[in-house]
Amino acid sequence: MKVDSAMIMAAGLGTRMRPLTENKPKPLVEVAGKTLLDHVLDKARDAGISNVVVNVHYLPEQVEAHLSMHAADLNFTISDERDLLMETGGGLVKAESLIAAEPFYCLNSDAIWTEAAEQDSLKCLAQTWDGDRMDGLLLIVPRERAFQHPGKGDFSLDADNRLVRRGQRDSAPYVYTGNQLISHRLLQAAPSGPFSTNILWDRAIAEGRLFGLVHEGDWFDIGSPHAIAPTEAALAVHG
């Protein structure tokens, strides 16, 4: 199946990226000569996405001005969080009425990923999607290919590729990449106000409706200014 719509999370404060974000929002920080937002938009184009909702909060005018440069081939709608930052789950709920597609992508603008040969990970999410079984399908990457990421892993997979939380274990084999394909069902009966997507995921896990797809390329967590130089060096090798 083809999925033509996505929400891109671009409203964060970028506090861990200071001083680079003192005068610009994190999505406009450049890595390898391109803004983080443009890295994601290029992936969206490659996957055939044409309709994009972007949430804004910190220095929103800069994000909107930057998006206007892409208006020739992408249709943008702004989900305005200027007055209140809604976090990941609340941001999805606030933007839901702006997204008609079922299912739709939710992508983060704080990481960069490379594709393995013959793979487009966003297209693979769409090809793997099974609306009868899934409320969410998360793109995950093995910890050893989650570069600059300090965590202990987020999930493991069961025999049917359902996601299992790390829980009390010391580590888990997979890290969430920030990219997912979701159904509007995931947002049903969601809390009001700001909240984390983890609340929605936990409910879907309990119902057996949250699945994972393993990304075959590399993934780079741009969580601080110190992550930029090694990421640029690795991307130069990838070409």
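The values are calculated or read from the model by the stated rules, or taken from the named source; none is laboratory data. It should be emphasised that the depicted structure is a prediction, and the values quoted were computed from it without experimental measurement. Because the Cβ atoms are built from the backbone with ideal geometry, glycine has one as well, and the counts that use them run over all protein chains shown.
Taking Glu81, is it at negative phi, in contact with a His (Cβ under 6 Å, 6 or more places away or on another chain) and among the charged types (D, E, K, R)?
Values: at negative phi: yes; in contact with a His (Cβ under 6 Å, 6 or more places away or on another chain): yes; among the charged types (D, E, K, R): yes.
Yes, satisfied.
What pairs come up if the first residue lies in the range 170-183 and is hydroxyl-bearing (Ser, Thr, Tyr), the second is part of a strand (DSSP E or B), and their beta carbons are under 6 Å apart, counting only those six or more places apart or on different chains?
So the pair list comes out as Tyr174/Ile140; Tyr174/Phe155; Tyr176/Leu138; Tyr176/Ile140; Thr177/Leu139; Thr177/Val141; Thr177/Trp219.
Identify, please: which residue in the range 32-86 is part of a helix (DSSP H, G or I) and among the small types (Gly, Ala, Ser) and is, among those, surrounded by the most Cβ atoms within 10 Å (Cβ to Cβ)?
Keep residues of the range 32-86 that are part of a helix (DSSP H, G or I), which gives 36-46, 60-68.
Checking the rest, the ones that are also among the small types (Gly, Ala, Ser) come to 44, 65, 68.
Values: Ala44: 22, Ala65: 10, Ser68: 10.
So, considering only residues that are part of a helix (DSSP H, G or I) and among the small types (Gly, Ala, Ser), the one surrounded by the most Cβ atoms within 10 Å (Cβ to Cβ) is Ala44.
Of the residues that make up the range 196-210, is at least one modelled with pLDDT of 95 or more, in contact with a Pro (Cβ under 7 Å, 6 or more places away or on another chain), over 22 Å from Leu98 (Cα atoms) and basic (Lys, Arg)? Reasoning before the result, please.
Looking only at the range 196-210, we keep the residues that are modelled with pLDDT of 95 or more, and these are 196-210.
Subset that is in contact with a Pro (Cβ under 7 Å, 6 or more places away or on another chain): 199.
When the remaining residues are screened for being over 22 Å from Leu98 (Cα atoms), the result is none.
No: zero hits.
For the subset of the range 115-161 comprising residues that are touching a Leu at 6+ places or on another chain (Cβ under 7 Å) and in a loop (DSSP other than H, G, I, E, B), which member is surrounded by the most Cβ atoms within 10 Å (Cβ to Cβ)?
This residue is Asp135.
Counting only residues that are closer than 12 Å to Leu138 by Cβ and out of contact with any Pro (no Cβ under 9 Å at 6 or more places or on another chain), how many does the range 211-226 have?
Filtering the range 211-226 for residues closer than 12 Å to Leu138 by Cβ gives 211-215.
Now restrict to residues that are out of contact with any Pro (no Cβ under 9 Å at 6 or more places or on another chain): 211-213.
Count: 3.
For the structure I just gave you, tell me whether Ala172 is closer than 16 Å to Pro150 by Cα and assigned to a helix (DSSP H, G or I). So that I can check it myself, show each step before the final result.
Numbers: closer than 16 Å to Pro150 by Cα: yes; assigned to a helix (DSSP H, G or I): no.
Here the answer is no, as Ala172 does not meet what is asked.
Residues of the range 71-89 being closer than 21 Å to Asp4 by Cβ, under 19 Å from the mean Cα position of the chain (by Cα) and free of Cβ contacts under 8 Å to residues at least 40 places away in the same chain, which ones? Working first, answer last.
Of all residues in the range 71-89, those closer than 21 Å to Asp4 by Cβ come to 71-79.
Narrowing further to those that are under 19 Å from the mean Cα position of the chain (by Cα): 74-79.
Scanning the range 71-89 gives Leu74, Asn75, Phe76, Thr77, Ile78.
Spot the failing condition for Val237; the list is (1) β-branched (Val, Ile, Thr); (2) farther than 22 Å from Leu36 by Cβ; (3) surrounded by fewer than 16 Cβ atoms within 10 Å (Cβ to Cβ), and only one is missed.
(2)
Search the range 38-55 for residues that are under 19 Å from Ser97 (Cβ atoms) and pair each with any residue that is in a helix (DSSP H, G or I) and among the aliphatic types (A, V, I, L, M) when their beta-carbon atoms are under 7 Å apart and the residues are at least 6 apart or on different chains.
That search, which allows pairs on different chains as well, returns Val52/Ala44; Val53/Ala95; Val53/Leu98; Val54/Val63; Val54/Leu67; Asn55/Ala95.
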